[in-house]
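The values are calculated or read from the model by the stated rules, or taken from the named source; none is laboratory data. Owing to the predicted nature of the structure, the values given are computational and were not obtained by experimental measurement. Here the Cβ positions follow ideal geometry from the backbone for every residue, glycine too, while neighbour counts run over all protein chains shown.
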Amino acid sequence: MYKISEIFKNKKVTFSLEIFPMKTPEGDIRLIHEILKEFALLKPDFISCTYGAGGGNKDKTLAIVEHIQKAYNIPSMAHLTCISHTKEEIAQIMQKIVAKGIKNVLAMRGDPPKEEPQKVPGIDNYKYSSELVSYIRKEYKDSLSLAVAGFPEMHPLSPTKESDIKYLKQKVDCGADFVITQLFFDNKLYFDYVDAVRKAGINVRVIPGILPITSYDGLLKFCETCKATIPEKVHEIFAPIRDNQQKIIEAGIKFATEQCIDLLKNGAPGIHFYTLNKVHPVKDILTAIRN
């Protein structure tokens, strides 16, 4: 199975997807036997799988990533957060990752568990994602491809944009191969971010993360959680049709398609879709931007 960093050697532009394990056994069956089959038909360059705050779904994540690779021969990437795991637990998880033939990891700090929102990492934890990247790179050398998260509007815990870029450089200097950004709806945020990243001496790929809008109320809640700004133009388009699901879907496809075309036209090295496990909007958008 390919490392994602190897794919970059032959592809100037990549298209990729993020999925997550379902909350119920029935949902996971549908994900494995229906949703992933449809996503595979889109021929993404790679698929990433998250497991959410607290790490409760980490075993599901690894099983799904392994399944994608074996069933569809699509390079897949396991999310790994460190704040809720001890260093020993991280070592054990990494052993499982390697044993399953997984060659790609998205290394993140992660959020504290819901039951312990004020949890502070101790001496037995990696405090920052840069520390996690450093551990994996030292332990596994170049056998794995490592991605990290980037924040066009800066991480909510960063005091300034300059410090946020400094932290990103630390992650790259510790061994990260590429960056996937937090979602955004104003492309200027992405391009300004890339300019700042390059000026800081960070030369790896910075792949924009795009969320197709499928629910206005869901968007408000999602962006409040991740602290992403919603431009006024998005409110103007989606607020008046918030109760018409069909119109929301159509407008969401149109908005994301135009956003992706502009990103690619101006040099973005690909698109990473936050799919929310929904095939239909992504399928239409991907078909439009590939043509």
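Below are the figures for this structure:
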item	result
Subset of region 247-291 [touching a residue at least 60 places away in the same chain (Cβ under 8 Å), of a type in the set (S, T, N, Q) and assigned to a helix (DSSP H, G or I)]	GLN259
Qualifying residue in region 9-30 (condition: among the basic types (Lys, Arg), in contact (Cβ under 8 Å) with a residue 24 or more places away in the chain and in a helix (DSSP H, G or I))	no
Of all residues in region 231-246 being among the charged types (D, E, K, R) and in a helix (DSSP H, G or I), the one that is farthest from the chain's Cα centre (by Cα)	GLU236
Whichever residue in region 141-160 is in contact with a helix residue (DSSP H, G or I) (Cβ under 7 Å, 6 or more places away or on another chain) and not in a strand (DSSP E or B) and, among such residues, is surrounded by the fewest Cβ atoms within 10 Å (Cβ to Cβ)	SER158
Qualifying position, being closer than 30 Å to PHE39 by Cα and either modelled with pLDDT of 95 or more or not polar (S, T, N, Q) (or both), among GLN69, GLN170	GLN69
Pairs, first over 15 Å from CYS223 (Cα atoms) and in contact (Cβ under 8 Å) with a residue 12 or more places away in the chain in region 177-189, second surrounded by 22 or more Cβ atoms within 10 Å (Cβ to Cβ) and of a type in the set (Ser, Thr, Tyr), C-beta under 6 Å, six or more apart	ASP177/SER145
Of the criteria (1) within 20 Å of PRO156 (Cα to Cα); (2) of a type in the set (Val, Ile, Thr); (3) in contact with a Gly (Cβ under 6 Å, 6 or more places away or on another chain), which one THR214 fails	(1)
Count of residues meeting criterion [over 14 Å from GLN182 (Cβ atoms) and either surrounded by 13 or more Cβ atoms within 10 Å (Cβ to Cβ) or within 17 Å of the chain's Cα centre (by Cα) (or both)] in region 221-230	0
Filter result for PRO269 (within 25 Å of PRO44 (Cα to Cα), surrounded by fewer than 20 Cβ atoms within 10 Å (Cβ to Cβ), touching a Ser or Thr at 6+ places or on another chain (Cβ under 9 Å) and at pLDDT 95 or above)	yes
Residues of region 70-102 classified as of a type outside the set (Val, Ile, Thr), buried (at least 20 other Cβ atoms within 10 Å of the Cβ) and under 22 Å from LEU31 (Cα atoms), total	6
Residues satisfying the stated conditions in region 161-196, i.e. among the aliphatic types (A, V, I, L, M) and touching a helix residue (DSSP H, G or I) at 6+ places or on another chain (Cβ under 8 Å)	ILE165, LEU168, ALA176, VAL179, LEU183, ALA196
Filtered residues of region 1-19 (kept if surrounded by 21 or more Cβ atoms within 10 Å (Cβ to Cβ), of a type in the set (Val, Ile, Thr) and farther than 14 Å from LYS103 by Cβ)	ILE19
Complete set of residues in region 33-46 that are without any contact (Cβ under 8 Å) to a residue 60 or more places away in the chain and surrounded by fewer than 17 Cβ atoms within 10 Å (Cβ to Cβ)	HIS33, GLU34, LYS37, ALA40, LEU41, LYS43
Extreme residue, farthest from the chain's Cα centre (by Cα), among residues of region 195-220 that are surrounded by fewer than 11 Cβ atoms within 10 Å (Cβ to Cβ) and outside any loop (DSSP other than H, G, I, E, B)	LYS199
